[in-house]
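Student: Pasting a structure below so you can have a look.
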Amino acid sequence: MKEYICIDIGGTSIKYGMIRENGEFLTTGEMPTEAKQDGGPGIMEKAKKIIEIFRETYHPEGVCISTAGMVDCEEGRITYAAPLIPNYTGTEIKKTLEELYGIPCEVENDVNCAGLAEYYAGASKGSKISVCLTIGTGIGGAILIDGKVFHGFSGSGCEVGYMHLPGGEFQDLGASSILVKKTAEYKKLNPTSIDGKYVFAQAKQGDEDCIRAIREMCEVLGMGIANICYVVNPEVVVLGGGIMAQKEYLRDMLREALDQYLIPSVAEHTRLAFAENQNQAGMLGAFYHFKERH
């Protein structure tokens, strides 16, 4: 059975693994990205080391890469990366790795990969039109139509984090990082002293500041998701990112916020679901993207 190397490059960590052609992982691992200090060149060095170590034991047929940033999928090049990863814009991932190792490499944006993972093996399986959002440090989006990622004219389709809402950009108002900052502000704490787990643990104990911050986040997400739904009319909206592990707490609150902004005829045809692939979503989606092209 053929085997492939999967690498998922995020702003905080790089996940990697060997996957069989049936979608089963043989092994997985994780390392810090160290994006701020090493930037794009450092990421490429880490990717090379991962490939070289795997090639000592396995015979990979390809390299499947999921990455933060805007990606030209044809060229396998980073066309834009936020300041979180300096000197990454313009990085020729596909060309560099194919020339070095002589095996095919395919590159796709990490949220698009998450969307593919959910379509093939998750919450949006078999759907006609789906939207996948990852709520984390920022907010990323992907649109899939009949299982194919909609990239838009120049590759920046569904960059919903930059959408403008009253008060600022979607990702500057509704990301999980903002939830933590708001909670710290309400409770007069240092934002670095708390995290999302703290916010939800306290909210479940009845802490009014934490509940208020979560409700405000859901309100923003409801408005942003509704705006996307009016344009795309998806069958299902899949929510991912670490914070969505709190789905039992968030489900009703998010549905209520979304329905507040959607007219009934749209709301009743829009399913809200939570991502099922968690940490492996990027790697798994990168594999499905590779398979689509080979």
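The values are calculated or read from the model by the stated rules, or taken from the named source; none is laboratory data. Just so it is clear, the structure is predicted and the values come from calculations on it, not from any experiment. Virtual Cβ from ideal backbone geometry, glycine too; neighbours counted across all protein chains shown. Each accessible area value is taken on the protein alone, full model and side chains, heavy atoms only, with ligands, DNA and RNA left out. Shrake-Rupley method; radii C 1.70, N 1.55, O 1.52, S 1.80 Å.
Student: Looking at GLU118, is it touching a strand residue (DSSP E or B) at 6+ places or on another chain (Cβ under 8 Å) and surrounded by 24 or more Cβ atoms within 10 Å (Cβ to Cβ)? Before you say what the answer is, go through the steps one by one.
Tutor: On the way: touching a strand residue (DSSP E or B) at 6+ places or on another chain (Cβ under 8 Å): yes; surrounded by 24 or more Cβ atoms within 10 Å (Cβ to Cβ): yes.
Yes.
Student: Looking at THR96, THR89, THR137 in this structure, which one is closer than 27 Å to LYS48 by Cα, open to solvent by 20 Å² or more (accessible area, probe 1.4 Å) and either among the charged types (D, E, K, R) or modelled with pLDDT under 95 (or both)? Steps first, answer last, please.
Tutor: Working: THR96 fails: either among the charged types (D, E, K, R) or modelled with pLDDT under 95 (or both); THR89 fails: either among the charged types (D, E, K, R) or modelled with pLDDT under 95 (or both).
Testing whether each residue is closer than 27 Å to LYS48 by Cα, open to solvent by 20 Å² or more (accessible area, probe 1.4 Å) and either among the charged types (D, E, K, R) or modelled with pLDDT under 95 (or both) leaves just THR137.
Student: Which condition breaks for ARG77 when tested against (1) more than 25 Å from GLY138 (Cβ to Cβ); (2) touching a Lys or Arg at 6+ places or on another chain (Cβ under 8 Å); (3) surrounded by 16 or more Cβ atoms within 10 Å (Cβ to Cβ)?
Tutor: Only one criterion is unmet by ARG77, namely (1).
Student: Consider only pairs whose beta carbons are under 8 Å apart and that are at least six residues apart or on different chains; among these, list those whose first residue lies in the range 111-129 and is free of Cβ contacts under 8 Å to residues at least 12 places away in the same chain and whose second residue is open to solvent by 10 Å² or more (accessible area, probe 1.4 Å).
Tutor: LYS125/TYR119; GLY126/TYR119
Student: Considering only residues of the range 162-182 that are in contact with a strand residue (DSSP E or B) (Cβ under 9 Å, 6 or more places away or on another chain) and in a loop (DSSP other than H, G, I, E, B), which is nearest to ASP195 (Cα to Cα)?
Tutor: ALA175
Student: How many residues are loosely packed, with under 15 Cβ neighbours inside 10 Å, outside any strand (DSSP E or B) and either at positive phi or not basic (Lys, Arg) (or both) if we restrict to the range 21-47? Walk me through how you get there before you give the answer.
Tutor: The initial filter retains those residues of the range 21-47 that are loosely packed, with under 15 Cβ neighbours inside 10 Å, namely 21-27, 29-32, 34, 36-37, 41, 45.
Cutting the leftovers down to outside any strand (DSSP E or B) gives us 21-24, 34, 36-37, 41, 45.
From the residues that got through so far, the ones that are either at positive phi or not basic (Lys, Arg) (or both) too are 21-24, 34, 37, 41, 45.
The total comes to 8.
Student: Given the criteria surrounded by 24 or more Cβ atoms within 10 Å (Cβ to Cβ), more than 16 Å from the chain's Cα centre (by Cα) and at pLDDT 95 or above, does ILE129 qualify? Even if it seems obvious, please write down each step before you answer.
Tutor: Values: surrounded by 24 or more Cβ atoms within 10 Å (Cβ to Cβ): no; more than 16 Å from the chain's Cα centre (by Cα): yes; at pLDDT 95 or above: yes.
In short, no.
Student: May I pose another question? Considering only residues that are open to solvent by 20 Å² or more (accessible area, probe 1.4 Å) and of a type in the set (Ser, Thr, Tyr), look in the range 259-294 and name the one that is nearest to ARG20 (Cα to Cα).
Tutor: Checked the range 259-294; the qualifying residue nearest to ARG20 (Cα to Cα) is TYR288.
Student: If you check ILE211 against the conditions, is it closer than 17 Å to ARG271 by Cβ and either in contact (Cβ under 8 Å) with a residue 60 or more places away in the chain or open to solvent by 30 Å² or more (accessible area, probe 1.4 Å) (or both)?
Tutor: Details: closer than 17 Å to ARG271 by Cβ: no; either in contact (Cβ under 8 Å) with a residue 60 or more places away in the chain or open to solvent by 30 Å² or more (accessible area, probe 1.4 Å) (or both): yes.
In short, no.
Student: In the list GLU256, GLU216, GLU248, GLU185, which residue meets the criterion of being at pLDDT 95 or above, within 21 Å of the chain's Cα centre (by Cα), assigned to a helix (DSSP H, G or I) and surrounded by fewer than 19 Cβ atoms within 10 Å (Cβ to Cβ)?
Tutor: Values: GLU256 fails: within 21 Å of the chain's Cα centre (by Cα); GLU216 fails: within 21 Å of the chain's Cα centre (by Cα); GLU185 fails: within 21 Å of the chain's Cα centre (by Cα).
Step by step, each of GLU256, GLU216, GLU248, GLU185 is checked, and only GLU248 is at pLDDT 95 or above, within 21 Å of the chain's Cα centre (by Cα), assigned to a helix (DSSP H, G or I) and surrounded by fewer than 19 Cβ atoms within 10 Å (Cβ to Cβ).
Student: Cβ contacts < 8 Å: first residue without any contact (Cβ under 8 Å) to a residue 60 or more places away in the chain, restricted to the range 228-253; second residue open to solvent by 40 Å² or more (accessible area, probe 1.4 Å), any location; separation 6+ or different chain. Result?
Tutor: Hits for this filter: ALA245/GLN278; TYR249/LYS204; MET253/ARG215.
Student: Kindly indicate the residue of the range 188-197 that is touching a helix residue (DSSP H, G or I) at 6+ places or on another chain (Cβ under 8 Å) and part of a helix (DSSP H, G or I) and also least open to solvent (accessible area, probe 1.4 Å) among those meeting that condition. Before the answer, list the steps.
Tutor: We begin by selecting, within the range 188-197, every residue touching a helix residue (DSSP H, G or I) at 6+ places or on another chain (Cβ under 8 Å); these are 189-191, 193-196.
Remaining after also requiring part of a helix (DSSP H, G or I): 191, 193, 196.
Details: PRO191: 61, SER193: 78, GLY196: 25 Å².
Applying the filter and picking the extreme gives GLY196.
Student: Among the residues of the range 9-20, which ones are modelled with pLDDT of 95 or more and open to solvent by less than 20 Å² (accessible area, probe 1.4 Å)? If you could, list the steps in order and put the result at the bottom.
Tutor: Within the range 9-20, the first condition is being modelled with pLDDT of 95 or more, and the residues that meet it are 9, 14-20.
Listed by number, the residues that qualify are ILE9, ILE14, GLY17, MET18, ILE19.
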